Amino acid sequence: MMSTLLRHPSSRLCWTLLLSLVAGCASTPERPVVVKAPTPQISPKHLAGLSLQLIARMESEKKWYAALSWLDRYRQQYPASDTSNLLRARALAATGSTAEADKYFNKLLSGPLAADGYQGLGLLAAAQGQQDRAIRYFTRASRHNPTNPDILNDLGYAYLQNHQLEQARSALFRAGELAPDDARIWSNIALYYLLRNQTLQAQEVISSHQLDWDTQQMIHAEAARMMGLNHPQQGLHAPGQTDATTQSTQFPNQPLTQLFTANPAQSTNPSRTAP
């Protein structure tokens, strides 16, 4: 039968085509042509932004001197901006160069970061015990950014320091409702109640926001200091705890701690709002 097929030309052609198809299926397919993608070009503006993000991260980790070094390098490569001036102002303030920090905060007052500039100047004033001046700066900062809970918290604490409790109440309760998970704000609200001799309300805030024992001790010590007492209220010490006034701990809202060296806010009850 095979010989019969081979004797007919049409049959031989079909057989040749069949063998070619089988051979083609058995052979290794050719590799696809790979087109090399072009290397992405990063613009200088994008590189500058990445540098500022790196510096901001250093500051969030309290690596202030490293941040200043990188800011010097940034200045060699890119023009100064409001963001770089703000980062430099914060680093200078945190490392004690207050005069230089003041200069850089002032550079921000006519731009989009004016609120940050006024807030920084307020914190510098508060650190020097100039509460009236600090309040003026924080008030201006709040006008530029009225929904910023950090600014309102700074303003409220400055009012507490200046014994202006009703003004403090307005600023702190607004901050508390804007940032219900920020333990620093609720520490100040508890402090406000203690300064009003409303101990039960203060304890309710402390309990509902699960403020730890050390924070509670610092709140009571701060209240005692502001009221001119030698010791915090009695009955507030856990077994084995010493008097809070003898400890070297710092109240969470001392000047420059919030903007420059604050720890992340503790997690609290998000459903809690200002009373």
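The values are calculated or read from the model by the stated rules, or taken from the named source; none is laboratory data. Given the structure is predicted, the values throughout are model-derived calculations rather than measurements. Every residue, glycine as well, gets a Cβ built from its backbone with ideal geometry; the counts of neighbours run over all protein chains shown. The area values use the complete protein model at the heavy-atom level, side chains included, leaving out ligands, DNA and RNA. Shrake-Rupley method; radii C 1.70, N 1.55, O 1.52, S 1.80 Å.
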Are any of the residues in the range 102-116 without any contact (Cβ under 8 Å) to a residue 40 or more places away in the chain and in contact with a His (Cβ under 7 Å, 6 or more places away or on another chain)? yes
Please list, ordered by first then second residue, the pairs with beta carbon atoms under 9 Å, 6 or more apart or interchain, first in the range 128-140 and under 15 Å from Thr98 (Cα atoms) and in a helix (DSSP H, G or I), second open to solvent by 90 Å² or more (accessible area, probe 1.4 Å) and not hydroxyl-bearing (Ser, Thr, Tyr). Ala134/Gln128
Among (1) assigned to a loop (DSSP other than H, G, I, E, B); (2) in contact with a helix residue (DSSP H, G or I) (Cβ under 7 Å, 6 or more places away or on another chain); (3) over 30 Å from Arg169 (Cα atoms) - the single one Leu109 does not satisfy: (3)
In the range 92-104, what residues are assigned to a helix (DSSP H, G or I) and either in contact with a Lys or Arg (Cβ under 9 Å, 6 or more places away or on another chain) or open to solvent by 20 Å² or more (accessible area, probe 1.4 Å) (or both)? Leu92, Ala94, Thr98, Ala99, Glu100, Ala101, Asp102, Lys103, Tyr104
For the range 140-186, name all the residues that are over 22 Å from Gln130 (Cα atoms) and among the polar types (S, T, N, Q). Asn145, Thr147, Asn148
Can you name the residue in the range 105-135 that is open to solvent by 50 Å² or more (accessible area, probe 1.4 Å) and small (Gly, Ala, Ser) and, of all such residues, is farthest from the chain's Cα centre (by Cα)? Gly129
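Given the criterion open to solvent by less than 80 Å² (accessible area, probe 1.4 Å) and modelled with pLDDT of 60 or more, identify the matching residue among Trp70, Trp64.
After ruling out the rest, the residue left standing is Trp64.
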